[in-house]
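Coordinate-derived values only; no laboratory data. All figures in this text were calculated on a predicted structure; none of them were measured in a lab. Quick reminder, even Gly has a Cβ in these numbers, built from the backbone with ideal geometry, and neighbours come from all protein chains shown.
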């Protein structure tokens, strides 16, 4: 946050920042004058005038554009010299999201955030919680012969994340687990044995990794969230299907973190209750599957 300064101090700061920008860009007074279509004497006056007056907005904007800095920075309204376009480019990135178990960009973000809390709203059940059989059922039709290699690499990533000392909070809609248990929607066609094994696997992970791994279930009829991952205070990535849209702007990360915390705070099933919920669902489908 910038401090309030009086007109004379702001004018002096303008001269200092204009001179610094010219030096950094190796721009002479004559070159700047040509760029902003004024006389060289005008530029000289901008740099040496000891009064309290600032140049008009057109001149300030022209100087900023010619020197590749922001007008707000020249006027001491911002501490960031980058232009708006540069700030946006550095704070927002768009990268492809391959249909694969091993996404090097995502894993790079996990490594970058090692030690920070990772908050995760998955598009469906997270790969890191799935059994090998469920991964094969899901990915083999798309990955073909590479599925086995990809699944092995995914297991390696999970082992790394277990040892990275990051806390993982996962928030999913209630219907995701119910769809898995009853083989409906996305999980239609998944065998009973695979579903039971999957529940057992999640129970084992919750027991091994709690409290570093916490899973919450929220009611999607009351709350909604796009798939996203928040890597501590460093980055927030949204999954759009074919791409990841990632933000590094701290203010935006705080907004999305608050949204995630709302999902957790208003969750119908807390991390403490999640294992008992899984056991009830397991018993239910096991009982329903018994021959009568």
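Counting only alpha carbon atoms, the long axis of helix 274-289 and the longest principal axis of the chain meet at about 40°. Axis angle, to the nearest 10 degrees, between helix 250-265 and the longest C-alpha principal axis of the chain: 30 degrees.
Can you give me the Rg/Rh ratio for the stretch 7-82, using Cα atoms for both radii and the Kirkwood formula for Rh? Value, to two decimals: 0.91. Projecting label points 7 angstrom from Cα along Cα→Cβ for residue 257 and residue 57 puts them 3.5 nm apart. For the chain, the 222 nm mean residue ellipticity estimated from helices alone, with every DSSP H stretch of n ≥ 4 adding -39500 (n - 2.57) and the total spread over all residues, rounds to -16500 deg cm²/dmol. Most simply put, the chain has about 65% antiparallel DSSP beta bridges, counting only bridges with both residues inside it. Remark: spin-label model distance residue 31-residue 223 equals 5.5 nm, labels positioned 7 Å along the Cα→Cβ axis. From the alpha carbon centroid of the stretch 7-40 to that of the stretch 203-245 is 48 Å. The P(r) of the chain has a tail past 36 Å containing 39 percent of all C-alpha pairs. Which value does Rg/Rh take for the stretch 142-291 over its C-alpha atoms, Rh per Kirkwood? In the stretch 142-291, Rg relative to Rh is 0.98. Pair-distance distribution of the stretch 181-249: all C-alpha pairs, bin width 10 Å, starting at 0; shares per bin in whole percent are 15, 27, 44, 13, 1. A protection proxy built from the mean count of other Cβ atoms within 10 Å ranks the segments 127-133, 29-35, 283-289, most packed first, as 127-133, 29-35, 283-289. Each Cα pair under 8 Å and six or more residues apart adds its separation to the average, and for the chain the resulting relative contact order is 19 percent.
Peptides 257-263, 186-192 ranked from most to least packed by the mean count of surrounding Cβ atoms within 10 Å: 257-263, 186-192. Taking the longest Cα principal axis of the chain as reference, the axis of helix 57-67 is set at about 70 degrees.
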